[in-house]
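Working notes, beginning with the structure itself.
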Amino acid sequence: MSSNLPSYLAAAKPVPQEGRVPWYKSVAPTYAGVMLWFVFWQGLAGAGGFQAGTLGAGLGVALLGILVGALICHFLFYLVPGMLGMKTGLPLYVVGTSTYGATGGRIMPGFVMGLLQFGWLGVNAYGVATLLCKCFGIEGIQENAVVYPIIHPIHAAIAAVFAAAAAFMGLKGIQYVARVATFLPIIPLVVLIVLTVVTIGGVAQFSPEQAFKPHTGGRPLEMTQILILLSTVIVGFFATAGAAGADIAMSSRGPKDVHLGGLVGIALATIVAGGLAVLIVAGAYGAGLVPENLKGNLNPLDLMKGGLLNPTLANVFMILLAISSFPGGCFSAFIAATSFKTVMPKVNPWISVGIGTLVSIALAVTGLTGKVVEVFVVIGASFGPVCGAMMADYLLSGGKWSGPRAGFNPAGWISWVIGFIVGAFQFIAPWIPAIEAYQNVIPCPPVAAFIVGFLLYFILASLGLRTRTLDMPGQAAA
């Protein structure tokens, strides 16, 4: 039966036990680098653009929302892919075939994972260009932490050069980037700690009204709305990284490494990065350190540049944060190239990644990737049902990998399509007049997409809507 396997599955080799490493050398530092990325935490306090942002119901609610989001990421989106990777020693595009089929696995999660990497490359390029423009005082970029509709030509040039350089290095010299990437997450952590020390004295005096933007209307969000918003942003940001837990944890020694790596690298890193970010904003307002021209601004990096630190030190920190983002762009290109080589082996990766990089540049220079909340929702809608269906398949298989399934597995594909529609409903509804009024009816879309993917797969699989499993050489030994 192994002859029925596509060549990419027949050639897959598990990571041997002698190649396994402890959690603090693989899972934890890899994920900590993701969650400490400044693009993630700089917008948490101001997410949604409401009065006082996620601090509208007080600092405690914002911290609770970050905690909830961090735990959802670890337990729902990472743990099962991580366990599957560890138990099989195989990457996501292989273990995903039990959910989507040996043929369907080329597309989901293989091709889609690669495709979304160019969205991340665009987000990265846009964020770095914005940071450097602020650093050098280039005008034309609005101060709002979520949307920057005015794109300066220099901003566009920086974004284009960054994306192109990251893609080139991802294809050509990823081994050199990996040597320094382990240490670069220290940079954002140092920045957060320094800003926390500067502002911590004002935390006790903070009240949401201090962070209101002057002379504008609107009401602050209530507690439940803030918890949902923070979970949406955090989980949406993390969704693809959660599914990639199979790749990241396939070199883990055992379940303990998978759990500890996730708890430290995902949950703890998210709580530290997100918690310090909102703490800095609250402390800055509570201590009266925010100048009048920045009142209502909830981006800790804007506040840093606006007076929390010496201007020279603030600029140095911004440049260092931009540098620390470069490996992430390289890894996005590398993952995309790996995915495309798997699903399109006859296409030169320089061509496929080159076209994808042009798309990344277009998304960055038009400002589309500056709308990070919307980007995170779309990504969460794409991979929320993937993680949900993988968890259902894992539980139905008794906590192990069942092996690749023939063709396109109906349970996986039906659960993904409906899960994606639920997760992306707010973007789909405006195009259909009959349901346009309900576009905001889905709470926490990435988590809703996960739940739908999980339940539908579980029900459809229980009804027999799964294709037969295929024998895979080496699977039993692994």
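The values are calculated or read from the model by the stated rules, or taken from the named source; none is laboratory data. These numbers come from a predicted model, not from an experiment. FYI the Cβ positions are ideal-geometry reconstructions off the backbone, even for glycines, and counts take in every protein chain you see. Remember, those area values only see protein heavy atoms, side chains included, never the ligands or the DNA or RNA. Shrake-Rupley method; radii C 1.70, N 1.55, O 1.52, S 1.80 Å.
List of remarks:
- Ordering 298-307, 205-214 by mean Cβ neighbour count within 10 Å, with the highest value first, yields 298-307, 205-214.
- For the stretch 1-146, the fraction of alpha-carbon pairs in successive 5 Å shells from zero, as %: 2, 7, 11, 14, 15, 15, 12, 9, 7, 5, 2, 1, 0
- Computed extension gain for LYS13 through ARG253, at 0.36 nm per residue and net of the alpha carbon distance, reaches 84.8 nm.
- Only Cα pairs under 8 Å and 6+ residues apart enter the sum, and on that basis the relative contact order of the stretch 157-291 stands at 56 percent.
- FRET efficiency estimate (nearest 0.05) - Cβ-Cβ, LEU358 to GLU222, R0 41 angstrom: 0.45
- At full extension, ARG20 and GLU292 could sit 92.5 nm farther apart than now, given 0.36 nm per residue minus the alpha carbon distance.
- When you restrict to C-alpha pairs under 8 Å that are six or more residues apart and normalise by the size of the stretch 291-361, the relative contact order lands at 16 percent.
- Cβ-Cβ FRET estimate between LEU115 and ILE193, R0 fixed at 41 Å, reported to 0.05: 0.70
- Segment GLN205-LYS172, length gained on full extension (0.36 nm per residue, minus Cα span): 6.7 nm
- Extreme residue, positive dipole direction of the chain, given options PHE40, PRO81, PHE162 (C-beta unit charges): PRO81
- In terms of accessible area, using a 1.4 Å probe and ignoring ligands and nucleic acids, ARG468, ARG20 rank largest first as ARG468, ARG20.
- The chain: angle of helix 186-199 to the longest principal axis, Cα-based, in degrees nearest 10: 30
- Ordering of 336-344, 375-383 by burial proxy (mean other Cβ atoms within 10 Å per residue, highest first): 375-383, 336-344
- Projecting the Cα atoms of PHE331, ASN293, ALA57 onto the charge dipole of the chain (Cβ charges, centred on the Cα centre) puts PHE331 farthest toward the positive pole.
- Solvent accessible area, Å² - ILE351, 1.4 Å probe, full protein context: 100
- Rounded Å value of the spacing that divides the Cα centres of the stretch 30-67 and the stretch 248-317: 8
- Given [x] 38.9; [y] 23.7; [z] 22.0, the label whose value is mean projected area of the Cα convex hull in nm² derived from this model: [z]
- Viscosity 1.567 mPa s, temperature 4 °C, Stokes-Einstein D of the stretch 79-125 from Kirkwood C-alpha radius, µm²/s: 113
- Mean Cβ count within 10 Å, highest first, over the residues of peptides 219-231, 267-279, 446-458: 446-458, 267-279, 219-231
- The dipole here belongs to the chain: it is taken about the Cα centre, uses +1 on the Cβ of Lys and Arg and -1 on the Cβ of Asp and Glu, and is about 1120 debye.
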